[in-house]
Amino acid sequence: CFIAAAGVDVNMPFQVVRPSADHLSMTIVPDGLARLAQHKGGISLISVVGPYHSGKSFLLNALLHHTQVFTIGSKTSPETMGIWMCRTNLTASDGTEVWLMDSEGFFGPGVEESYDAKVFAVASLIGAHVVYNTVKVIDQQAVGLLEMLVQRAQLFKTRTQSGTTPDLIPDFLKTDTFPPLTWVVEDFVQDLPSQLKDEGATGWLRTYLDASRVVQTKEPEEEPAKEAPSTATSEGSNSEGKAAKGGEVVLSTTKAPTRTEIAKKSDFLRRIYRDVRVHTLFLPATGREQLRDLSRLPFEQLTPEFKEEVGELRRHMLRSLRARTSNGQPMNGASVAASLRFLVQGLQQGMFHELPSIWNAWAQQVVTVSLNDADAWFGALISKIDDQDVPVGISVFNDRLDEAKENATKFYLALLRDFDTTPQVAELRKRMEGRITGATAAYHERIRKWVGERASSTKEMFARFLASISLPTEPSYIDREGGQKADQLQTHFGNELTVFSFVKARGRGSYTQLVGMPVFNPDPVTQLSNDLRALLGAKAMENERSIQQLFKFAIASVEKAIVQELTPHSANLLSKARLAELRTSAEKRCWEALDSHLADYPWAKSIMHYKSTKALVKTDYLEARLSAFSADNEKRLTAFFGSTVDRAIAGYAANRSSVVMPASEADVESRHTSMAAAARQLLQQQGKELSDTDSYASAAKRLDSVLVEYFNQLKDKNVELWKVHSDEATRCALARNRAVEKNCGVLCLYKTIPWYHKRTARHHLSECFAQSTSGQQMALPLRSSVFEMWYAKDLARDAARVSNRFTMLVITFLVLACGLFYCIFGRRPQPRFSVPTTGYYPPQYGAYPQRASGFQLPGQVNQFHDCDPGPGYCGQVGGGLRQRTYGYFGA
């Protein structure tokens, strides 16, 4: 359950259809229909029909668990008139709202049977689930009534569909079946027979449906065929043995129905309704006063059996309940209202059959006997015109048709020979033309079938011819040979149809309309030509697939040849020259494998597939395989030379420890040159035959870079050791630096300028080197290197302090210079004066002075307007700083 949206109130029934004034039809209730149409949500409608005072309204109240929603009458007259709708808070299986529809009961006083059938038809057509409500039992009369009502509703549905534009027909009229049907039997207190325990109450209904079937125990005997009906008649009898009046001859062509023509009525309801169930309900109360007016009794006080069975009925209907659709969407209030209006208009327009009574059916007039006999005889004759397996030709059919019409007319005139009547030859011809129309239609259908069979036989013959061609073959062969065979078969088929449709000249006395070939769309010869071309195209496509398969296998053999050529060299290290030789041999073997596979098909090299396959093999197989092989070879070379370079570097590193330091730069460089030559020689020996590869060049480049790095490390280490051995000179230079710093003033260049500080330190160290033993052993470049290391490490803090002081001094100087410049050139005093508010004044300092009002007061800032020489817009300037505002200059 869910809370219903605003619009139509829940559990508040309202009338949508009322009976007409004469109670023979129905009319719309505009207010109720408008109230229904305003509901936007989906609606699943449960409609209840049945005899009046059978408990329909109370059943709807019981489904709502509320006994006062629908009005329940305690009198003998019907309470509900027309059709009423009620919105509920129940939910169907598809999520739509459940609405209930109560209808006027059947067999009301003064109400025609046709009106009851109309009520049933509307309820069955528009409801999503139909409940047929009766009391006590199901009997044969009730079953017959229900079948009659369903048949008339089905007839109304069919007539409504045929009399309306297809676009205007609601969706529920387009379905083949009615919604599910549940037959509810109220006040049921009996026990079902034991054989129906498994099937339940629905089996009870089935027994009555099975009992109402029509049984034909004997097949009618066929009378021997007659060449012509006898004209000798006797009073009270005819040639068919049927009674006649006043000596008239009555020939009846009606035959007894055969066993296959008899339909079981037990299948009728199951065929019309998607689901047929029977549900019984116990007495809702046991007291007489309670049963007289059940609306005064709350639902909770009803009998437990009744409440339990109502709950089962409610769950059964809601479990499979789904809204009917309109334009593919669940029906809402507007679509239900439109459907009701559509059905009521159909009833008002006479779409509902008014069946005659049984005794009126016996008052049919007897037709003209001779006319019927002649017409029947003509029907027997034309049935034998085309009774062979193969249809007769057009000329033969027309000749036999003329003969049959002439014989039937002669027979008709012979019947009336002894009677003083005017023969109705025109009427006979009219009837015969009707039969000819039917016979012609059947004849045309046989011709279409025969033409279709001949076309199918021709296509089978062509298919067998195509099947005899072995594949793959040259595409032009199939097009050439298949096209010739298709043209031959098409010509033969066209000639056959021409002979069949030949019509010879007719005499002037013939009055029968000429029967020709039926209309074919498309033309059979054209259609056959298209079909044969389609078969030929299919064979060509099959040949195309075979050719593709052939080249696919050829590609597989090519790939195998390439793999066999490259596999023996997959673990070797190849130079560029050797790799080029291998590429040439692989390409040669590739094309040899392709041509060898296609050797049995000489035509294969002349088609486009051969060129495209060669291009595909070259790019996707040969080049791809060779590229992958080259990449793998490059990986192997890279790994090989990488390990060689690592060994060379390891050897250099091992020999580096043997270098005696500190030493002169020439000694260090000489030792490095010797070790580097040994490392390079190792690389050259390992890559003797691979020197043309990129991996060798990369390895040599890497080795050179590592050797340069190691040489720089040797030189740095040598300088570091010399610095350690020069400790006496560095302490001497440091002491001199401290002495200079101590004697230096605030603005001393040594403590202020970085480059001067460094030059002084270099000078002190040079003097100390000259006095020390280690310094005398070093060349000047080596001394310079020792100084740079000493200055960068030991004097790093002093150098940073001098640099910071120099930076602060420069910033201070710049700030002072800017301030001095601003004080001198940045501000100019402005003249102070006052001017009247009106009049013309010459410009002063490039501006037109103007006050806003009055003259200058003591202490007031002078204001004047700076005006452009153009249209008179001025900028206000005050206090010496120009603040531009725009206003029009004037008096």
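The values are calculated or read from the model by the stated rules, or taken from the named source; none is laboratory data. Quick caveat, the model's predicted, so the values are computed rather than measured. Cβ: placed from backbone, ideal geometry, glycine included. Neighbour counts: every protein chain shown. Accessible surface areas use protein heavy atoms only, side chains included; no ligands, DNA or RNA. Shrake-Rupley method; radii C 1.70, N 1.55, O 1.52, S 1.80 Å.
Segment THR71..ALA426, full-extension length gain: 121.3 nm, with 0.36 nm per residue of separation and the alpha-carbon distance subtracted.
Accessible area per residue was computed with a 1.4 Å probe on protein heavy atoms; LYS552 scores about 120 Å².
Net charge of the neighbourhood of LEU626, taken over other residues with C-beta under 14 Å away and scored Lys/Arg +1, Asp/Glu -1, is -1. Once the C-beta distance of GLN488 and GLN348 is scaled by a Förster radius of 51 Å, the resulting FRET efficiency is 0.15 to the nearest 0.05. Note on ARG319 and ASN495: their simple-model spin labels are 7.2 nm apart, each label 7 Å out from Cα toward Cβ. Relative to the current alpha-carbon distance between ARG448 and ALA739, full extension at 0.36 nm per residue lengthens the span by 91.7 nm. Along Cα→Cβ, 7 Å out, is where each label goes; now give me the distance between the ones at ARG341 and GLN301 in nm to one decimal. About 4.5 nm, to one decimal.
With each label modelled as a point 7 angstrom along the Cα→C-beta vector, the ALA770-VAL724 pair spans 2.9 nm. Per-residue accessible area (protein heavy atoms, 1.4 Å probe) orders GLU427, GLU689 as GLU689, GLU427, starting from the largest.
Only protein heavy atoms count here; on that basis, with a 1.4 Å probe, LEU814 has an accessible area of about 100 Å². Net charge of the neighbourhood of ILE436, taken over other residues with C-beta under 12 Å away and scored Lys/Arg +1, Asp/Glu -1, is +3. The slack in the chain from VAL810 to GLU113, taken as 0.36 nm per residue of separation less the alpha-carbon distance, amounts to 238.8 nm. Once all protein chains are placed together, ASP667 keeps about 90 Å² accessible to a 1.4 angstrom probe.
Kindly flag which residue pairs out of LYS552/LYS605; LYS485/LYS552; LYS742/LYS793; LYS715/LYS758; LYS539/LYS611; LYS410/LYS504 have an alpha-carbon separation exceeding 20 Å in this structure. Write out the running numbers ahead of the final one.
Details: LYS552/LYS605 15 Å; LYS485/LYS552 31 Å; LYS742/LYS793 22 Å; LYS715/LYS758 23 Å; LYS539/LYS611 23 Å; LYS410/LYS504 25 Å.
As for pairs spanning more than 20 Å Cα to Cα, those are LYS485/LYS552; LYS742/LYS793; LYS715/LYS758; LYS539/LYS611; LYS410/LYS504.
Label reach from ARG400 (point 7 Å along Cα→C-beta): in segment 425-460, amide nitrogens under 18 Å belong to 433, 435-451. Between segment 647-722 and segment 472-503, the alpha-carbon centres lie 89 Å apart.
Let me check I've understood the local charge: for ASP479, count other residues with C-beta under 11 angstrom from its C-beta, Lys and Arg +1, Asp and Glu -1. What total comes out?
+1
Treating r as the C-beta distance of ALA650 and GLN777 and R0 as 45 Å, the FRET efficiency rounds to 0.85.
For the residues LYS405, LYS449, a 1.4 Å probe over the protein chains yields an accessible-area ranking, largest first, of LYS449, LYS405.
If R₀ is 56 angstrom, what is the calculated FRET efficiency for the pair LYS504 and TYR477, using the beta carbon separation as r and rounding to 0.05? Intermediate results must be reported in sequence, preceding the final value.
Values: r = 46 Å, r/R0 = 0.81.
So, using R0 = 56 Å, E works out to roughly 0.80.
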